[in-house]
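Engineer: Dropping a structure here in structure tokens format, bear with me for questions.
The values are calculated or read from the model by the stated rules, or taken from the named source; none is laboratory data. The model shown is predicted, which means the values in this text are computed figures rather than measured ones. When we count neighbours, we look across all protein chains shown, and the Cβ atoms used for this are built from the backbone with ideal geometry, even at glycine. Note: areas computed on protein heavy atoms with side chains; ligands, DNA, RNA excluded. Shrake-Rupley method; radii C 1.70, N 1.55, O 1.52, S 1.80 Å.
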Amino acid sequence: MAELLLEILSEEIPARMQARAADDLKRLVCDGLTAAGLEFTSADGYVTPRRLALVVDGLPTETPDISEEKRGPKTDAPEKAVNGFLGSVGLTLGDLEKRETDKGEFFYAVIEKKGGSAIGKILDILGPAIWSFPWPKSMRWSDSKGSWVRPIQDILLMFDGRKVPGRIGFEGSVEFEFKNTTRAHRFLTDAVIEVKDFADYRKQLEVGHVVLDAADRRARIIEGAEKLAADAGLKLTDDPQLLDEVAGLVEWPVPLMGSIDAEFMDIPPEVLTTTMRKNQKYFALEDASGKLAPKFITVANKETPDGGAAIIAGNERVLRARLADAKFFWDQDRKETLASRTPQLRDITFHAKLGSLDEKIDRVQALAVDLAEGIGADKDKVRSAARLAKADLVTGMVTEFPEVQGIMGRYYALADGEAPEVADAIAEHYSPQGPSDACPTAPVSVAIALADKIDTLVGFWAIDEKPTGSKDPFALRRAALGVIRLVMENKLRAPLLETFRTAWKTGSYKGKGDEELADLLSFFADRLKVHLREQGVRHDLISAVFALGGEDDLVRLLARVEALGAFLGTEDGANLLTAYKRAAN
């Protein structure tokens with residue numbers, strides 16, 4: 001049995017595309033091998049910033065002879081039918097066999113296919129797999145007619161321990177001659193590596209300062225960063241998404257620790273971590289009390305004779321400039337109150353058919369006050385929070401760092417002397433923004449978050465801008481899931497249809513909206529089914545309860561699902577199911 005090793009060496013592959021690329025290469029090649037009748041024992045894909053690799057083990061070197069039988073028409077069938085069958089199998093009438101079956105006498109064709117070298121079939125698979133690769137974005141370079149995510153430099157192809165002769169191209173694109181050599185780290189070595197097999201390939205890359213496996217790179221980053229943090233008496237913040245991204249930016253990870261100037265430590269920690277994470281790809285550190293420490297971890301792509309001193313100094317210099325901008329915005333923004341900024345929302349369009357952000361705030365405020373009593377929220381605080389909820393969008397800090405919208409509103413509201421409940425509602429009214437996001441529980445926060453999302457949903461249904469298929473440009477599915485979680489996790493007895501009607505009247509939309517709101521309720525039912533399935537609730541219980549129809553109290557609906565599940569888990573429930581099945585049959 002033979003081993004197939006493929007490496008595509010290119011310019012830097014974007015980190016966000018790497019994991020999927022390794023999976024896609026493995027899928028495309030393995031599917032092709034299976035379709036060609038080439039069995040294998042294992043396949044693994046690997047990716048670094050500069051290379052996409054695949055190793056397939058246990059392949060045959062030769063394909064076996066194959067005998068295939070096809071049944072044709074009856075022997076007394078019309079001549080046209082017989083000739084059509086002969087054309088499809090490439091045989092003459094004399095080559096066919098006649099066989100008697102329980103349905104009559106039929107023509108049979110026995111087709112013998114001679115085996116041959118497996119590499120020929122493999123090459124037929126690799127060309128289309130490489131040149132029609134499903135990158136989210138791709139580019140052309142030089143005079144190439146083919147496209148790839150970044151310009152390809154070389155292609156290594158080994159089979160059964162030997163270099164595969166020949167070249168590869170597809171549909172007139174640039175061609176590459178197969179090699180049995182590759183290059184290791186771009187900056188740390190100029191050596192050309194001659195490869196024998198996958199084990200040798202991986203070992204020599206390691207010697208050449210390239211860690212092939214992304215999981216190994218992540219482990220090295222975590223180990224090195226945690227050691228640096230522990231030596232300084234600090235703790236590394238957990239950030240798996242940043243870890244994945246950084247592992248896709250380096251082939252030879254070297255964690256280094258830098259310092260943040262003391263003058264920037266009074267900036268809100270969310271701003272510090274955002275600019276470090278987004279712009280610089282730095283890991284934040286915390287002290288023993290959980291407070292943000294004046295240190296950061298950066299990951300270099302090479303080792304240096306000075307132990308990374310110059311790299312650390314350069315990163316500190318860049319961070320200093322970015323934080324100087326943040327401190328300027330922080331100081332300038334606090335010179336004006338949030339309330340004084342709300343008139344500027346008139347100049348920001350929420351949607352061409354739904355008016356400005358100021359008009360949206362008017363609707364949200366009215367709806368939130370209507371919801372406040374049922375939630376148990378103070379109406380005056382709800383009014384204040386609704387009016388100020390979007391005001392931080394016109395601050396310099398949020399303009400520069402959009403990720404901290406809401407969060408900065410909270411800081412500015414507290415600086416203005418607003419009640420803590422109001423400030424917290426400003427920060428939390430966007431939540432929950434996904435299944436892993438925390439759900440607000442404070443009454444004022446819940447009222448504003450519900451009103452904001454329901455106003456958005458009713459408004460877009462009123463102008464007939466609903467999600468279609470996989471397209472959801474206004475994140476309405478996420479908004480609906482947010483409403484569902486707010487209601488269910490806070491056990492709010494709020495009939496949705498009645499709330500939708502209130503939002504419709506508040507927006508002064510055309511007509512009574514009965515048809516539109518019934519459709520919106522159906523949309524919610526679909527989202528709730530998905531949410532419950534993700535929570536592990538049996539689909540048949542969900543379908544049974546929804547079959548009753550007309551239920552828009554989510555708490556009561558969930559209680560019915562739980563009650564039905566509990567009943568069916570008893571002996572009486574099992575007996576009832578058995579009796580129903582017999583009657584139905």
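Engineer: Keeping every protein chain present and rolling a 1.4 Å probe, give me the accessible area per residue for the range 148-283 in Å².
Structural biologist: Values: 6540 Å² over 136 residues.
Normalised by residue count, the accessible surface of the range 148-283 is 48 Å².
Engineer: Using only the Cα atoms of the chain, build the gyration tensor, take square roots of its eigenvalues as a ≥ b ≥ c, and label the shape rounded, prolate or oblate: rounded if a/c is under 1.5, else prolate if a/b is larger than b/c, else oblate.
Structural biologist: Working: a/c = 2.45, a/b = 1.29, b/c = 1.90.
Note, shape of the chain comes out oblate.
Engineer: Using helices alone, I'd like the mean residue ellipticity at 222 nm for the chain: each DSSP H run of four-plus residues gives -39500 (n - 2.57), total over residue count, nearest 500.
Structural biologist: Working: 21 runs with 273 residues, N = 585.
Result for the chain, helices only: -15000 deg cm²/dmol.
Engineer: Which angle from 0 to 90°, rounded to the nearest 10, does the C-alpha axis of helix 571-584 make with the longest principal axis of the chain?
Structural biologist: With both axes taken from Cα atoms, the answer is about 60 degrees.
Engineer: For Thr399 and Val110, calculate 0.36 nm times their separation in residues minus their Cα-Cα distance, and state this gained length in nm to one decimal.
Structural biologist: Net length gain for the segment: 96.7 nm.
Engineer: A further question follows. Which entries in the list Lys227/Lys291; Lys466/Lys510; Lys235/Lys281; Lys491/Lys512; Lys145/Lys196 go over 21 Å, if you measure between the two C-alpha atoms of each? Can you show the working numbers first?
Structural biologist: Values: Lys227/Lys291 19 Å; Lys466/Lys510 17 Å; Lys235/Lys281 17 Å; Lys491/Lys512 29 Å; Lys145/Lys196 32 Å.
Lys491/Lys512; Lys145/Lys196, as the Cα separations exceed 21 Å there.
Engineer: At q = 0.12, 0.13, 0.16, 0.20 Å⁻¹, what log₁₀ I(q)/I(0) does a Debye calculation on the Cα points of the range 318-470 give, no solvent, two decimals?
Structural biologist: -0.52, -0.61, -0.89, -1.27
Engineer: Using θ = phi - 60° and the Karplus relation 6.51 cos²θ - 1.76 cosθ + 1.60, list the HN-Hα couplings for the range 41-53 in order, rounded to whole Hz, with x at every Gly or Pro.
Structural biologist: These are the phi-based 3J(HN,Hα) values: 9, 7, 8, 9, x, 9, 8, 10, x, 10, 8, 10, 10 Hz.
Engineer: Can you give the accessible area per residue of the range 38-122, in Å², using a 1.4 Å probe?
Structural biologist: Details: 4810 Å² over 85 residues.
Dividing the accessible area of the range 38-122 by its residue count gives 57 Å².
Engineer: Gain in length, Ala518 to Asp266, computed as 0.36 nm per residue apart minus the alpha-carbon separation, to one decimal in nm?
Structural biologist: Numbers: separation 252, 0.36 × 252 = 90.72 nm, distance 5.03 nm.
Additional length available on full extension: 85.7 nm.
Engineer: Same structure, new question: Take every Cα pair under 8 Å in the range 366-442 that's 6+ residues apart, average their separations, divide by the length, and report that relative contact order as a whole percent.
Structural biologist: Values: 77 pairs, mean separation 18.9, N = 77.
Across the range 366-442, relative contact order equals 25 percent.
Engineer: Okay, moving on. In terms of the Cα gyration tensor, with a ≥ b ≥ c the square roots of its eigenvalues, is the range 190-310 rounded because a/c is under 1.5, prolate because a/b exceeds b/c, or oblate? If you can, show how the numbers build up before the last one.
Structural biologist: On the way: a/c = 2.58, a/b = 2.29, b/c = 1.12.
Prolate shape, in that a/c is at least 1.5 and a/b is the bigger ratio.
Engineer: Please report the relative contact order for the chain, taking Cα pairs under 8 Å with a sequence separation of at least 6, and give it as a percent rounded to a whole number.
Structural biologist: Numbers: 907 pairs, mean separation 47.9, N = 585.
Computed value for the chain: 8 percent relative contact order.
Engineer: In addition: Rounded if a/c is under 1.5, else prolate if a/b is larger than b/c, else oblate: which is the range 492-585, with a ≥ b ≥ c the root eigenvalues of its Cα gyration tensor?
Structural biologist: Details: a/c = 3.08, a/b = 2.46, b/c = 1.25.
It is prolate, given that a/c is not under 1.5 and a/b is the larger ratio.
Engineer: Turning to a different aspect of this structure: Calculate how steeply helix 514-534 sits against the longest principal axis of the alpha-carbon atoms of the chain, using the helix alpha-carbon long axis, and give the answer as 0 to 90 degrees to the nearest 10.
Structural biologist: Approximately 60 degrees, to the nearest ten.
Engineer: From the phi angles alone, apply the Karplus equation (6.51, -1.76, 1.60; θ = phi - 60°) to the range 129-144 and give each ³J(HN,Hα) in whole Hz, x where the residue is Gly or Pro.
Structural biologist: 4, 6, 7, 10, 4, x, 5, x, 9, 9, 9, 10, 9, 6, 9, 5
Engineer: By a straight-distance test (C-alpha under 18 Å), which aspartates and glutamates pair with Lys529 as possible cross-link partners, with residues fewer than eight away in the same chain excluded?
Structural biologist: Leaving aside aspartates and glutamates fewer than 8 places away in the same chain, those within reach of Lys529 are Glu489, Asp519, Asp540, Glu551, Asp552, Asp553, Glu562.
Engineer: Over the range 142-271, what is the percentage of antiparallel beta bridges among all DSSP beta bridges, to the nearest 5?
Structural biologist: About 80 percent, rounded to the nearest 5.
Engineer: In the chain, what percent of the accessible surface is made up of carbon and sulfur (1.4 Å probe, ligands and nucleic acids excluded)? Present the calculation step by step, with values, prior to reporting the outcome.
Structural biologist: Numbers: 14560 of 29470 Å².
C and S fraction of accessible area: 49 percent.
Engineer: At 0.36 nm per residue, minus the direct Cα-Cα distance, what do Ala19 and Ala232 gain on full extension? Give it in nm, one decimal, please.
Structural biologist: On the way: separation 213, 0.36 × 213 = 76.68 nm, distance 3.31 nm.
Computed gain between Ala19 and Ala232 is 73.4 nm.
Engineer: For Asn279 and Thr468, FRET efficiency with R0 = 35 Å and r from the beta-carbon atoms, rounded to 0.05? Intermediate values should be presented prior to the final figure.
Structural biologist: Details: r = 35 Å, r/R0 = 1.01.
Given R0 = 35 Å and the Cβ-Cβ separation, E is 0.50.
Engineer: Can you pull the one-decimal nm distance between simple spin-label points at Gln535 and Glu286, each 7 Å off the Cα toward Cβ?
Structural biologist: Label-label distance for Gln535 and Glu286, simple model: 2.8 nm.
Engineer: Then there's this: Computed FRET efficiency, Cβ-Cβ of Lys353 and Glu12, R0 51 Å: what is it to the nearest 0.05? Provide the component values of the computation, followed by the final result.
Structural biologist: Values: r = 43 Å, r/R0 = 0.84.
Calculated value: 0.75.
Engineer: What number comes out for accessible area per residue over the range 444-564 if the probe is 1.4 Å? Units Å², please. Working shown, then result.
Structural biologist: Working: 5820 Å² over 121 residues.
Solvent-accessible surface per residue comes out at 48 Å².
Engineer: Just need the relative contact order of the range 293-428 here, percent rounded to a whole number, with Cα pairs under 8 Å and 6+ apart. All intermediate terms of the calculation are to be shown ahead of the outcome.
Structural biologist: Numbers: 132 pairs, mean separation 29.6, N = 136.
Once divided by the residue count of the range 293-428, the mean separation gives 22 percent.
Engineer: Provide the percentage of antiparallel DSSP beta bridges, counting only those with both residues in the chain; round to the nearest 5.
Structural biologist: Values: 56 of 58 bridges.
Antiparallel bridges: around 95 percent, rounded to the nearest 5.
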